[in-house]
Amino acid sequence: QVQLVESGGGLVQPGGSLRLSCAASGSISSINSMGWNRQTPGPERELVAAITSGGSSNYADSVKGRFTISRDNAKGTVHLQMNNLKPEDTAVYYCWARWGKANFRAWGQGTQVTVSS
């Protein structure tokens, strides 16, 4: 199994930056893709960014050019560098990892990001 712990959320002014981090434990070598989703009040979690074990990444259109995802396969960590933050980026951000041959998904506990002046 894989467990995930996030850190790095907080309050930032519009135009500011934050770096989110997520550390995996357990079967790190079985992790395939990793990524971040976010959730505003409502049932859906929006995909923000994802990265494969080979380093290929994709982003939501709303964050392209502002957010950068990176990972360290050996350490089982994934990071999300968020620049030029906007009030509409306010959400709870969840780290996730797909692992194993069945591509199970594990979720972190979530970290709040608030962009406000």
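The values are calculated or read from the model by the stated rules, or taken from the named source; none is laboratory data. It should be emphasised that the depicted structure is a prediction, and the values quoted were computed from it without experimental measurement. In this analysis, Cβ positions are derived from the backbone assuming ideal geometry, glycine residues included, and neighbour counts consider all displayed protein chains. Quick note on the areas: whole protein, heavy atoms, side chains included, nothing else; ligands and nucleic acids left out. Shrake-Rupley method; radii C 1.70, N 1.55, O 1.52, S 1.80 Å.
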Identify, please: which residue in the range 102-117 is open to solvent by 40 Å² or more (accessible area, probe 1.4 Å) and part of a strand (DSSP E or B) and is, among those, farthest from Thr52 (Cα to Cα)?
-> Thr114
Of the residues in the range 23-43, those that are within 18 Å of Thr111 (Cβ to Cβ) and either within 15 Å of the chain's Cα centre (by Cα) or open to solvent by 60 Å² or more (accessible area, probe 1.4 Å) (or both) come to Ala23, Ala24, Met34, Gly35, Trp36, Asn37, Arg38, Gln39, Thr40, Pro41
Got a number for residues in the range 89-101 being open to solvent by 50 Å² or more (accessible area, probe 1.4 Å) and at pLDDT 95 or above?
-> 1
Residue pairs meeting the criteria (Cβ under 6 Å; at least 6 apart or on separate chains; first open to solvent by less than 50 Å² (accessible area, probe 1.4 Å), in the range 54-77; second among the hydroxyl-bearing types (Ser, Thr, Tyr)) | Ile69/Ser57
Does Leu20 fit the bill of being at pLDDT 95 or above, loosely packed, with under 14 Cβ neighbours inside 10 Å and not in a loop (DSSP other than H, G, I, E, B)?
-> no
Report yes if Leu80 is out of contact with any helix residue (DSSP H, G or I) (no Cβ under 8 Å at 6 or more places or on another chain), surrounded by 15 or more Cβ atoms within 10 Å (Cβ to Cβ) and assigned to a loop (DSSP other than H, G, I, E, B), otherwise no.
-> no
Checked against (1) in contact with a strand residue (DSSP E or B) (Cβ under 9 Å, 6 or more places away or on another chain); (2) under 30 Å from Ser117 (Cβ atoms); (3) in a loop (DSSP other than H, G, I, E, B); (4) not charged (D, E, K, R), Gly42 satisfies every condition except (1)
Considering only residues that are among the polar types (S, T, N, Q) and more than 22 Å from Gly65 (Cβ to Cβ), look in the range 102-115 and name the one that is modelled with the lowest pLDDT.
-> Asn103
Filter the range 90-101 for residues that are among the small types (Gly, Ala, Ser) and assigned to a strand (DSSP E or B) and give the result.
-> Ala91, Ala97
In the range 52-60, is there at least one residue being of a type outside the set (Lys, Arg), part of a strand (DSSP E or B) and under 18 Å from Leu11 (Cβ atoms)?
-> no
